[in-house]
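I have placed the structure first, in the form of structure tokens, so that the comments after it can refer back to it.
No value in this document is a laboratory result; all are computed from the given coordinates. Keep in mind that what you see is a predicted model, and the values were worked out from it rather than measured. Cβ atoms come from the backbone with ideal geometry, glycine included; neighbour counts cover every protein chain shown.
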Amino acid sequence: MKPASAIVIGTGLIGTSVALALRDRGVAVWLADADPAAAKLAVDIGAGQLLPDAGPEAGPADVAVLAVPPPAVAAELHGAQRRGLARCYTDVASVKQQPVAGARELGCDLTSYVPGHPLSGRERSGPAAARADLFLGRPWVICPLPENDDQAISLVESVPEACGAQVVAASPAEHDQWVALVSHAPHLVAVAMAARLTVAPPSALALAGQGLRDVTRIAAGDTGMWSQILSANAGPVSSVLRDVAAELTQAAGILDGLAGAAGPGDERTRTELAALLERGGAGVHRIPGKRGGPAPEFATVQVVIPDKPGELARLFLAAGEAGINIEDIGIEHSPGLPVGVAELWVRPEAVGPLTGVLAAAGWPVRR
């Protein structure tokens, strides 16, 4: 099932990506944005046509997708419903309780409004960064309300299905608690670590490796957008951060004990440190794999590659010709040297064949 027609209000990264995905499935899409230049750019890249002031000529669309920040959802919903733009409505805001509360306060028709949130994005923003495949295989939470009409729920669920996403049902409160743990609090943890770098001496930063880059990568997100998200979900995020802070305080206490010991620390303190590290590893292993379910075990093959165009392409081509799938990749750059180390994650049984193929092609390989 898919909607025959849709309106997307808000042509940023997510809204334009939704429009592109729906257009790929043959859905008629109309676009609107408070910024005419953004809407025109989305039209120019093939995401749909501009929404006339009076709405679609053929009458209400099947569904309207409100791709606006959380504080703006209720007002946009109220205005769209007053104009009769669609048979049902959803949003893609990253928090759910605030928009629902606002919609109730404004007296919106909640029978036709089914909140939603695709858990996908990029570090870039705006319509130019949009991709039709942005949601493929990604979770898309749908939060049915007690007032919802069954047909509205079915129509709204058809949007993520048409975009290739995996529909997950949750209440607005559950959603906000879950994203606080898996998205919002991690962003602030990354920000806190990155903030320490502002006072670090250049000589220390010269030693930075992939670990620091991995931990701080998401801290460079859009400040305005994240201020809105965190403000809208402040309670659940604060709760998660207090739990993380307790873990860090425990770690600091353990290390204080080790630092104060005459030797390398007593056995009990070292056991506590090992237990904390083990618990962290257990948490990582609970993160689902790329196809959902338990994450499979992978092995790493390290390859020294010249820092010049075409080397990664040669690496992937060699693996592909050998019938080996590279599950993931990381690159560790060598400061001051024209080489780097590519870490290729593969199935354990592929380590031997991949190592042989790459070594035969002249790459220095370490397994």
Normalised Cα Rg of region 176-285, dividing by 2.2 N^0.38 Å with N its residue count, works out at 1.26
Given Cβ charges of +1 for Lys and Arg and -1 for Asp and Glu, the option among Val114, Trp178, Ala299 whose Cα lies farthest towards the positive end of the dipole of the chain is Ala299
In degrees rounded to 10, the 0-90 angle between helix 311-321 Cα long axis and the longest Cα principal axis of the chain is 80 degrees
Filtered hits (aspartates and glutamates, Cα-Cα < 18 Å from Lys308, offset >= 8 within chain) -> Glu332, Glu343
Protection proxy (average C-beta count within 10 Å per residue), highest first, orders 131-143, 196-208 as 131-143, 196-208
Helix-only [θ] at 222 nm, the chain, -39500 (n - 2.57) per DSSP H run of 4+, per residue, nearest 500, equals -14000 deg cm²/dmol
Normalised per residue, the volume inside the convex hull of the alpha-carbon atoms of the chain in Å³ amounts to 190 Å³
tail above 24 Å in the computed P(r) of region 1-156, as % of all Cα-Cα pairs, reads 24 percent
Listed with the fewest Cβ neighbours within 10 Å leading, His184, His78 appear as His78, His184
Taking every DSSP bridge whose two residues both lie in the chain, the antiparallel percent to the nearest 5 is 50 percent
Along the dipole axis of the chain (charges at Cβ: +1 for Lys and Arg, -1 for Asp and Glu; origin at the Cα centre), the most positive-end residue among Gly362, Ala259, Thr269 is Gly362
Mean Cβ-within-10 Å packing, highest first, puts peptides 155-165, 237-247 in the order 155-165, 237-247
For the chain, the longest principal axis of the Cα atoms and the Cα long axis of helix 13-24 enclose an angle in degrees, to the nearest 10, of 70 degrees
Cβ density ranking, 10 Å radius, fewest first, applied to His175, His117 yields His175, His117
If one compares the long axis through the Cα atoms of helix 223-232 with the longest principal axis of the Cα atoms of the chain, the angle in degrees, nearest 10, works out at 70 degrees
